Amino acid sequence: KETEVQLDYQFKILLIGDSGVGKTSIMNRFTENKFNVEIKSTIGVEYSKKTMVIDQAVIQASIWDTAGQERFRSLAKNYYKGAIGALLVFDVTRPHTLENIQKIWLQEVEQHASKNIKMILIGNKSDLTVERIVKQEEAVNFSKTNNLAYMETSALNNQNIDQAFETLVREIYSEI
Ligand code: GDP
Ligand code: MG
């Protein structure tokens, strides 16, 4: 018989950003520590859970993935309901995915999410050093302008994935 762990908190965390930036890969890496080169788009789980311990508090993060909806440049209102944190993800090899954080996704969040949702800007695919176009400095400037923390990740190499979620969860936890 398995011991049941008493959860202190449940946090709903969203993955937001253009199609192909690596949202599903980030979720899979974080919750199952795996990376699939071929991901079936559209069909998939809506969320995946992971239990984290932060300063002795047992926190279950439910990570929500858009499952293809992002192609319509708009997500169902339900997606945002109850969300307390979000990773805003762009792809460092495709500058327009960073532009769309501003043009589309920040506005979507403002319109549909809770006013005090915590967010971190994520530049994913940091392993692609040759193909990379968005400079770190550019992303840092963008994040400062928009009052966001910035981190670079690679779901492929498992770089900074745990740290990104932990940073976000700690920030949420520090305010409850
Ligand atoms: P989503 O549409 O935002 O969910 O993006 P996916 O997770 O489906 O990833 C889109 C493509 O980028 C897939 O071919 C992934 O294998 C690839 N990908 C995702 N993350 C990384 C990464 O960190 N590095 C590299 N090189 N490729 C990645
Ligand atoms: Mg996906």
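The values are calculated or read from the model by the stated rules, or taken from the named source; none is laboratory data. As the structure is a computational prediction, the values presented were derived from the model and not from experiment. Here Cβ is always computed from backbone atoms with ideal geometry, including for glycine, and neighbour counts include all displayed protein chains. With ligands, DNA and RNA removed, areas are computed over all heavy atoms of the protein, side chains included. Shrake-Rupley method; radii C 1.70, N 1.55, O 1.52, S 1.80 Å.
Of all residues in region 79-137, those being among the polar types (S, T, N, Q) and away from ligand 1 (no atom under 16 Å from the Cβ) number 5.
A residue that is touching a helix residue (DSSP H, G or I) at 6+ places or on another chain (Cβ under 9 Å), more than 16 Å from Ile16 (Cβ to Cβ) and either of a type in the set (A, V, I, L, M) or assigned to a helix (DSSP H, G or I) (or both) can be found somewhere in region 115-136.
Only one entry in Ala139, Ala86 is touching a residue at least 40 places away in the same chain (Cβ under 8 Å), open to solvent by less than 30 Å² (accessible area, probe 1.4 Å) and either farther than 19 Å from Tyr47 by Cα or assigned to a loop (DSSP other than H, G, I, E, B) (or both), namely Ala139. Considering region 152-175, the residues that are within 17 Å of Thr31 (Cβ to Cβ) and aliphatic (A, V, I, L, M) include one that is most open to solvent (accessible area, probe 1.4 Å), namely Leu156. Within region 23-33, can one find any residue that is more than 13 Å from the chain's Cα centre (by Cα) and surrounded by 13 or more Cβ atoms within 10 Å (Cβ to Cβ)? Scanning region 23-33 turns up no residue that is more than 13 Å from the chain's Cα centre (by Cα) and surrounded by 13 or more Cβ atoms within 10 Å (Cβ to Cβ).
Kindly indicate whether Asp65 is open to solvent by 70 Å² or more (accessible area, probe 1.4 Å), among the charged types (D, E, K, R) and either more than 16 Å from the chain's Cα centre (by Cα) or within 15 Å of Met27 (Cβ to Cβ) (or both). Taking the combined requirement at face value, the residue does not satisfy it.
Scanning region 45-91 for residues being at positive phi and modelled with pLDDT under 90 gives a total of 3.
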